[in-house]
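The next block holds one structure in the form of C-alpha cells; read it before the comments.
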2 protein chains.
Amino acid sequence: MNDFDPSTVAALKALANPNRLKIIDWLAHPRENFPPQVDGDLVEDGVCLANIVDKLGLAQPTVTNHMHTLAEAGLVTSKPVKNWVFYKLDPAAMEKVLKSLSAHAGIDD
Amino acid sequence: MNDFDPSTVAALKALANPNRLKIIDWLAHPRENFPPQVDGDLVEDGVCLANIVDKLGLAQPTVTNHMHTLAEAGLVTSKPVKNWVFYKLDPAAMEKVLKSLSAHAGIDD
DNA sequence: TAACTATATAGAAGTTTTGCTATATGAATG
DNA sequence: CATTCATATAGCAAAACTTCTATATAGTTA
C-alpha cells in the first residue's frame, strides 16, 4: 500500500541482530540496566559506550561498530562529552519504524 | 524490560530484506497486487508462488527461498493446492513482532 | 503412462555481516 | 609534556546471506 522506504529496511537490518536488539532494550531503560555515571546522566545524556561494552561482553571495536550501525539507521543519537560518547535511543525513530512496518503489514493503527 | 525472545530476531531478520518486505506488503493487499487466480482465491487461499515470482522478477528458487525464510519466521503460512503453493500473510504474527519490538523500544502500546 | 507444470533441492559464486586483534587518535590528567 | 583513558579506524577471517543455474520431485493432464 505504502511506497517503499529504504530507510525502513536499514532500520530493520539494524534491529535484526540479537546484540543490537539487546542494546536497544537497555537504552530504552537506562536506569534499570546501567550503573550511575559520573560525567553524564544516564537518561539526560545517554549511556556511555564503555558501559555498553562491559554489559554486552564483546570487544570494544565490535560494540563501536554496532553503535554506528544503530546511529546510521537513525535509531540512536550520540553525544561526545569529554572523551566519552553517550548514546541515547531515539523513540521517535523507533515509532517511525513501527508505523512503517505496520503499514507494510496492512495493520491499521 | 521484556525477556529476550529469539523468535523476534528471526522475524526481524526475515523482514530486514527489501525483497521480502515487498512480498509482505503485497501479501497484505493481495487483490491490489496480484491478478485473480483460477485455482485459489487470493484472499481466502493466499497467493500462488508463481505470481510472486513473476512480480518480484527473481529466479523461482530464489523466491522459494525467500518464502521459506518468511514461513520459518512464522510470518506467512503456506497451503499446497494441486501442485501450487499458496502463501498468506499471518497478521497475528506480524502484530506479535510489532508488540515485541515496541516492548524492546520501551514504547507503551 | 508420457509429458507438462509448479515447486523443491543441490551446489556454487559473490557479497555482506559479525566478530576479532592491532593500532591510531584525541582528550584529560599527573 | 608524557601518560592514561575512551573511542575510532584498519584489516582480517569466519559465517551468513542472496542470488544464480541445473536438476529433481510430485501432482496434472492429454
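Every number here is computed from the coordinates shown, using simple stated rules; none is lab data. Computed from a predicted structure; not experimentally measured. Cβ atoms come from the backbone with ideal geometry, glycine included; neighbour counts cover every protein chain shown.
One table, with the values for the structure above:
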quantity: Near pairs, Cβ below 7 angstrom, 6+ apart or cross-chain, from the range B:58-80 (on the phi < 0 side of the Ramachandran plot) to any residue that is within 13 Å of DNA strand D (Cβ to nearest atom) and polar (S, T, N, Q); calculated: B:L58/B:N19; B:H66/B:N19
quantity: Subset of the range A:1-25 (residues that are under 19 Å from B:P6 (Cβ atoms), crowded, with 20+ Cβ neighbours inside 10 Å and more than 7 Å from chain B (Cβ to nearest Cβ)); calculated: A:A14, A:R20, A:I23
quantity: Options B:A59, B:A71; residue that is loosely packed, with under 14 Cβ neighbours inside 10 Å, more than 10 Å from chain A (Cβ to nearest Cβ), among the hydrophobic types (A, V, I, L, M, F, W, C) and within 15 Å of DNA strand D (Cβ to nearest atom); calculated: B:A59
quantity: Test for A:E44: is it without any contact (Cβ under 8 Å) to a residue 24 or more places away in the chain, away from DNA strand C (no atom under 16 Å from the Cβ) and within 11 Å of chain B (Cβ to nearest Cβ); calculated: no
quantity: Residues being more than 13 Å from every other protein chain (Cβ to nearest Cβ) and in contact with an Asp or Glu (Cβ under 6 Å, 6 or more places away or on another chain) - total across the range B:83-109; calculated: 1
